Amino acid sequence: MKNRKKISASRQAPVFPLALLVAGFWLLFAPARSMHALRLHAAAALPLPADTVAPAEETEKTYKIVEMAPQYPGGEAALLRDIGANLKYPASAIEQKIEGTVVLRFLIGKDGKVGKVVVLRSLNKECDQAAVDAVKKLRKFYPGIKNDKRVAVWFTVPVRFALK
C-alpha cells in the first residue's frame, strides 16, 4: 500500500468530460431511445401521489415505455388542441373560480382507441369528470409498437383549467 503513487487531481480531471461525451453519444445514437421518444415519455414519468391506488391489471399486457410511443394524428399540438376543444369547463368551477391542472393517465389500446382513464392528480370532482370526458372523445391514436407488434400503452397528460 505504501508503494502506490497518488494520482494528482489534474490527471483525474479529463475523465469527467470524457464520461459526459460518451453519455451524450449514447443518448444521440441509442436506437430505441431517440430524443423524440424520450420527450414523449416525459409525461409518463410524472410521480404518482402517495394516495393514488394503482389501477387493476387489464386483461391484455400493458406498457409504460415502448420502442415507438403512441402518436396522435397531428402530433402533440393537435392532441392538446383537441382536448381543449372537447373540454367543458364545469359551471360550478367557474362560479367558485377554480383553476388548476388535472393529471390523467389513460390506456391506448392495440387498436389506438382510448380505453381506461385514471385521475392521477385531482382538482375537484366536476373538473376531473370534465377532463376524463374530454380525453374519452379523442380520435384514435397510432398505437405503440414493441417488438414489431402493436401493444397497449399507458399515456399521461395534464389537462389545465384556467379562467380568462
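Can you tell me which residue among 93, 134 is closer than 13 Å to residue 161 by Cα and at pLDDT 95 or above?
134
Tell me which of these residue 133 doesn't satisfy, since it passes every other one: (1) touching a residue at least 40 places away in the same chain (Cβ under 8 Å); (2) of a type outside the set (A, V, I, L, M); (3) outside any helix (DSSP H, G or I).
If we test residue 133 against (1) touching a residue at least 40 places away in the same chain (Cβ under 8 Å); (2) of a type outside the set (A, V, I, L, M); (3) outside any helix (DSSP H, G or I), just (3) comes out false.
Where the second residue is assigned to a helix (DSSP H, G or I) and crowded, with 18+ Cβ neighbours inside 10 Å and the first is β-branched (Val, Ile, Thr) and lies in the range 72-86, which pairs have Cβ atoms under 6 Å and are six or more apart or on separate chains?
Note: pairs meeting the criteria are 83/134.
Quick check on my filter: what residues within the range 87-97 are over 25 Å from the mean Cα position of the chain (by Cα) and in contact (Cβ under 8 Å) with a residue 24 or more places away in the chain?
Once the filter is applied, which keeps residues that are over 25 Å from the mean Cα position of the chain (by Cα) and in contact (Cβ under 8 Å) with a residue 24 or more places away in the chain, the range 87-97 yields 90, 92, 93, 94, 97.
Scan the range 45-65 and tell me whether some residue there is modelled with pLDDT under 50, in contact with a Gly (Cβ under 9 Å, 6 or more places away or on another chain) and either assigned to a loop (DSSP other than H, G, I, E, B) or closer than 20 Å to residue 119 by Cα (or both).
The answer is yes; a qualifying residue exists.
Taking the range 101-156, which residues are among the hydroxyl-bearing types (Ser, Thr, Tyr) and touching a helix residue (DSSP H, G or I) at 6+ places or on another chain (Cβ under 8 Å)?
122, 156
The values are calculated or read from the model by the stated rules, or taken from the named source; none is laboratory data. For clarity, every value in this text was computed on a predicted model and none was experimentally measured. Cβ sites come from the backbone with ideal geometry, for glycine too, and all protein chains shown count toward neighbours.
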